[in-house]
1. With +1 assigned to the C-beta of every Lys and Arg and -1 to the C-beta of every Asp and Glu, and no other charges, what is the dipole magnitude of segment 56-184 about the Cα centre in debye, to the nearest 20?
2. In what order, largest first, do 199, 321 sit by accessible area if the probe radius is 1.4 Å?
3. Dividing the alpha-carbon Rg of segment 304-387 by 2.2 N^0.38 Å yields what?
4. Tell me the carbon and sulfur percent of the accessible area for segment 224-314, rounded to whole percent, probe radius 1.4 Å.
5. Assuming 0.36 nm per residue, please report the length gained on full extension of the stretch residue 91 to residue 55 beyond their Cα-Cα distance.
6. Using amide H atoms built 1.01 Å from N in the peptide plane, name the residues 5+ places from residue 130, or on other chains, whose amide H lies under 5 Å from its own.
7. Give me the number: length gained by fully extending residue 440 to residue 380, i.e. 0.36 nm times residue separation minus the C-alpha to C-alpha distance, one decimal in nm.
8. If you average the sequence gap of Cα pairs under 8 Å that are 6 or more apart and divide by the length of the chain, what percent do you get for the contact order?
Amino acid sequence: MHINCPEKILKAIALLESSGYSAYAVGGCVRDSIMGRTPNDWDMTTSATPAETRAVFKKFRTIATGIKHGTVTVIIDSEPVEITTMRVDGKYSDNRHPENVSFTQKIEDDLSRRDFTVNAMAYNPKTGIIDPFGGQNDIKSKTIRCVGNPDIRFNEDALRILRAIRFSSVLGFDIDEKTSQSIINNRSLLQNISKERIRVELIKMLCGQNIEKILTDYKSVIFEIIPELAAEDGFLQHTPYHIYDVWTHTTKVVPSIEPKSDLRVAALLHDIEKPSMFRLDSQGVGHFKGHPQKGAETAENILHRLRFSNAEIKHITTIIRLHDERPDGNRFHLAKLCSEYDIDNVKDTLKLILADAHGKNPEFFDIEADAVHVAQEQIEFMKENHACLKTSELDINGNDIMALGIDRTMIRETLEFLLDEVINERIENKKSALSQAAKNIIK
């Protein structure tokens, strides 16, 4: 099979080979090319040592990005190319990194240390695809399988546990039975992985096409990294609107919202406090009053723990906090929400509310969906007509208020009152009308 490598890769391979070394494109770029996908990155491996690699590319700018593990970055045509010496990993003592590496001349040795068969392939324009572990067959059968013994692979590097289910989610592949069982058996090893790396894999996983199956089949792994979610599993809701337990509901909500990281994370965590806030009334109907607010607080703790940024945390928790604000056609209430929480946050909340409806009793879906669509149209109308939603958008400011004889300490309260009047269309957003309303406050 021929793979169309970028010119920078072909140039690097040619230079290494002309100096007597072997060189290959390797890993994910080969996998994606075989699948007909455009690779995000092109990595290379070579029989040249790091020092020899730098000598080959002495006329290029080189960066010693990972000399300890054999990696040199070469700038070719203004673009970086990572070239790593073929290696065999030494003992892993922290479930993440080898204590040492030894270089090898055999591409098969290098491929044997890699995580999954679909990632353990190399390509050279002259020799074609090097595939000693059946990666091409596993691509055809859509299977994620460890290279060698999965228990050994996961004990070497526990992050591979999340990488396996991330690849399954993103590529839509099933996980080989032995690999799958090993993932579940070794999930506690994830406690040895940094929260930053867990966050990266979690986000990619959640945005995958196969995420509902992952959340269903590997819920014990998800609960390992976010134990607060475990209470949802099997928790019945006892309402006519819900036909699933809370966790099953969540597994259906996540894939029903567009695959953007903040939205998918909000969908995952939106009902996290439903079990703790559950109350059963005298009619045997379940209620969860206050669960969005408490859920937002719990989500904030989780997101801090997983090293999400402050901006991401604010956005996600706002959506969670608002997701029970069901649209009822009242555009004034909707405008107040947009004013208080920002119009984009409310738009994203409506996306979550619609996704939430996909995880409920289908008998009520059309009613909820229609309400969301009406609210979305109202928001678009507000945007198109530049509706006043902030005090800064009023046709009057603090100096104008003071000029009317209102005390400085009352400026903010007065502006907020005027904004409320404008939002409810009791007065126009014109300076004369606003000034008169402010004067009436004095009187």
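1. On the way: 19 positive and 18 negative charges, 66 e Å.
Dipole magnitude for segment 56-184 comes out near 320 debye.
2. 321, 199
3. Cα-based Rg divided by the globular estimate yields 1.16.
4. Details: 2110 of 4060 Å².
Within segment 224-314, the accessible surface is 52 percent carbon and sulfur.
5. Numbers: separation 36, 0.36 × 36 = 12.96 nm, distance 2.98 nm.
Using 0.36 nm per residue and subtracting the Cα-Cα distance, I get 10.0 nm.
6. Close amide H contacts, sequence-distant or interchain: 122, 123, 124.
7. Fully extending the segment from residue 440 to residue 380 adds 18.3 nm.
8. Relative contact order comes out at 8 percent.
The values are calculated or read from the model by the stated rules, or taken from the named source; none is laboratory data. It should be emphasised that the depicted structure is a prediction, and the values quoted were computed from it without experimental measurement. With ideal geometry, Cβ positions are generated from the backbone for all residues, glycine too; neighbour counts draw on all protein chains shown. Surface areas here come from the heavy atoms of the whole protein model, side chains and all, with no ligands, DNA or RNA. Shrake-Rupley method; radii C 1.70, N 1.55, O 1.52, S 1.80 Å.
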